[in-house]
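The structure appears below as structure tokens.
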Amino acid sequence: MDTIAAICTALSPSGIGIIRISGEDAITITDKIFKSPGNKKLSDAPTHTIHYGHIVDGDEIVDEVLVMLMRGPKSYTTEDVVEIDCHGGILVLKKVFNLVINNGARPSEPGEFTKRAFLNGRVDLTGAEAVMDLISSKSDLARKNSISVLNGVLYKKIKSIRDEILFSIAKIEAALDDPEHMSLDGYEEELASNIHKIQSDIDVLIKSYDNGKIIKEGINTAIVGKPNAGKSSILNMFLNEERAIVTEIAGTTRDTLEESVTIDGLTLNLIDTAGIRDSEDVVEKIGIERSSKAIEKADLILFVTDSSKDPDNEDDKIISMLENKKSICIMNKTDLPQEMTVQEIKSHFEGMENKPEFIRISALTGEGKYNLIAEIKKMFFNGEISFNDEVMVSNLRQKNELVKAKEALDKVLESIDNAMPEDFLSIDLMSAYASLGEIIGEEVSDDLVDKIFSEFCMGK
Ligand code: GDP
């Protein structure tokens, strides 16, 4: 394969910036532009060594660098890889990069280093995809999941399911080839029971997708309520949380502010309907409109009420929008004398099928905050966001293939029920086997590989 290069670190002034080169000419290209004090050539140096020197353009010194030499196959791509640690200035990096290109490397495409790692068999497709997930992890759990997928946990699981299917296919095919010596009498029953077991393993993975998605992307949470109930104060309470990691997300509409916070492993993408109180007359109209938009796109609604007052018909308007939504009714301002009882506010939800939980808090003092967080965890993760060594599928492509595999296995069960000839069984078993193969990249088309890696960032 030809030799590729990229600036792998962000293009902004920083301590160091790294240029990575991979391919059969990586070392000779670097030798042309790198001068060590003793004039030693990298081509003569042992693998996995670091070299101090300068990048030069003819007689001119461009930068003072450290060069890392990693000969294949023990490298990220399994090819010869050189990494040049430059000073992190934009101009410096661009200049060194241009020298590398002018001396024979080609600028890499996004994700091309990882694509090579995959094509050269160093990682399977789940591992390759986990690299990108790891880079974009927003919470510690997402990071843990990505690193364990990168280390092959999902690959091993899929592979073991595939092996079981392959065993059944082999058994059927062998008996069809040699009916005199091998009989399938009574095998259908055993096969059906194996398939049920395999399907339940696949089900666990499919279900983990929902958890995985929430862990990876966070829970879209709308904070709604009438003006002055304390929505902004609650938002701030979350954002000021010491352990919260706050990241700004560009709001999808100009009306709402979105921010992402991670508390105790729980990532909330908070959609605030702030500004509702701005002007008295337009309040109602705009407020309701914004709330309903926010509610529509949210996975979770935090409906804020002011428990120092009685609930009123403004609360009712918002309550009417909560049907069929996961919501928590927050009774805010517990530090003030209380007017509203749980009974009372509950009665406003009468006739609603899925009633919310009621949590008392004070956004001002922070009282009840952890009850609220615990309640959200209960709603989305049965209380525990735990991560042991269970695998979490966090990628729609993988989930779709799991669903396809399960459907193909349904067909096998159907054929068994209808006493169809054995070759029917093996066709659908093969199709389940192939779908699972797509997940780990063993039966995957070039187009799909190109598509997957094109979504990677540059230099990875
Ligand atoms: P929003 O209009 O729903 O966003 O409400 P704000 O968060 O702006 O709060 C309205 C007013 O209520 C402000 O003066 C807050 O300081 C006050 N407030 C909010 N939460 C609490 C609380 O828990 N206790 C008390 N005493 N005041 C609160």
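For segment 9-34, enumerate the residues that are of a type outside the set (S, T, N, Q) and open to solvent by less than 40 Å² (accessible area, probe 1.4 Å). If you could, list the steps in order and put the result at the bottom.
Our first condition is that a residue be of a type outside the set (S, T, N, Q); within segment 9-34, this holds for 10-11, 13, 15-21, 23-27, 29, 31-34.
Hits for segment 9-34 are GLY17, ILE18, ILE19, ARG20, ILE21, GLY23, ALA26, ILE27, ILE29, ASP31, ILE33, PHE34.
Of all residues in segment 344-370, none that is within 25 Å of PHE238 (Cα to Cα) and more than 11 Å from the ligand (Cβ to nearest atom) has its Cβ atom under 6 Å from the Cβ atom of a residue that is part of a loop (DSSP other than H, G, I, E, B) and among the aliphatic types (A, V, I, L, M), 6 or more apart or on another chain.
Of all residues in segment 303-355, which are part of a loop (DSSP other than H, G, I, E, B), touching an Asp or Glu at 6+ places or on another chain (Cβ under 9 Å) and of a type in the set (Ser, Thr, Tyr)? Within segment 303-355, SER307, SER308, THR334 qualify. For the residues SER292, SER279, SER233, the requirement of being open to solvent by 20 Å² or more (accessible area, probe 1.4 Å) and at pLDDT 85 or above singles out SER233. Does GLU64 satisfy the condition of being surrounded by fewer than 17 Cβ atoms within 10 Å (Cβ to Cβ), out of contact with any Pro (no Cβ under 7 Å at 6 or more places or on another chain), modelled with pLDDT of 95 or more and in the same structural domain as ALA10 (by TED's automatic domain parsing)? In short, yes. Taking the conditions exactly as written (within 27 Å of the chain's Cα centre (by Cα) and either modelled with pLDDT of 85 or more or surrounded by 17 or more Cβ atoms within 10 Å (Cβ to Cβ) (or both)), does LYS411 satisfy them or not? So LYS411 fails the test.
Please give the number of the condition PRO37 fails out of (1) touching a Phe, Trp or Tyr at 6+ places or on another chain (Cβ under 9 Å); (2) surrounded by fewer than 19 Cβ atoms within 10 Å (Cβ to Cβ); (3) in a strand (DSSP E or B). Of the numbered conditions (1) touching a Phe, Trp or Tyr at 6+ places or on another chain (Cβ under 9 Å); (2) surrounded by fewer than 19 Cβ atoms within 10 Å (Cβ to Cβ); (3) in a strand (DSSP E or B), the odd one out for PRO37 is (3). Where helices (runs of 4 or more DSSP H) sit wholly within segment 363-460, those with at least 3 residues that are under 30 Å from SER308 (Cα atoms) occupy 369-381. Residue-level check: of (1) outside any helix (DSSP H, G or I); (2) within 30 Å of ASN313 (Cα to Cα), PRO179 misses just (2).
Go through (1) farther than 30 Å from ASN269 by Cβ; (2) assigned to a loop (DSSP other than H, G, I, E, B) and name the single condition LYS171 misses. For LYS171, the failing item is (2).
With the requirement that a residue be closer than 15 Å to LEU302 by Cα and over 32 Å from the mean Cα position of the chain (by Cα), what does segment 347-360 give you? Working first, answer last.
The first filter runs over segment 347-360 and keeps only residues closer than 15 Å to LEU302 by Cα, leaving 349, 354-360.
Correct list: PHE349, ARG360.
Do you know which residues across segment 345-386 are of a type in the set (Asp, Glu) and surrounded by 13 or more Cβ atoms within 10 Å (Cβ to Cβ)? Break it down stepwise before answering.
Filtering segment 345-386 for residues of a type in the set (Asp, Glu) gives 350, 353, 357, 367, 375, 384.
Of everything in segment 345-386, those that are of a type in the set (Asp, Glu) and surrounded by 13 or more Cβ atoms within 10 Å (Cβ to Cβ) turn out to be GLU357, GLU367, GLU375.
The values are calculated or read from the model by the stated rules, or taken from the named source; none is laboratory data. Computed from a predicted model, the values in this text were never measured in an experiment. No Cβ is skipped: glycine too gets one built from the backbone with ideal geometry, and neighbour counts run over all protein chains shown. All accessible areas refer to the heavy atoms of the entire protein, side chains included, with ligands and DNA or RNA removed. Shrake-Rupley method; radii C 1.70, N 1.55, O 1.52, S 1.80 Å.
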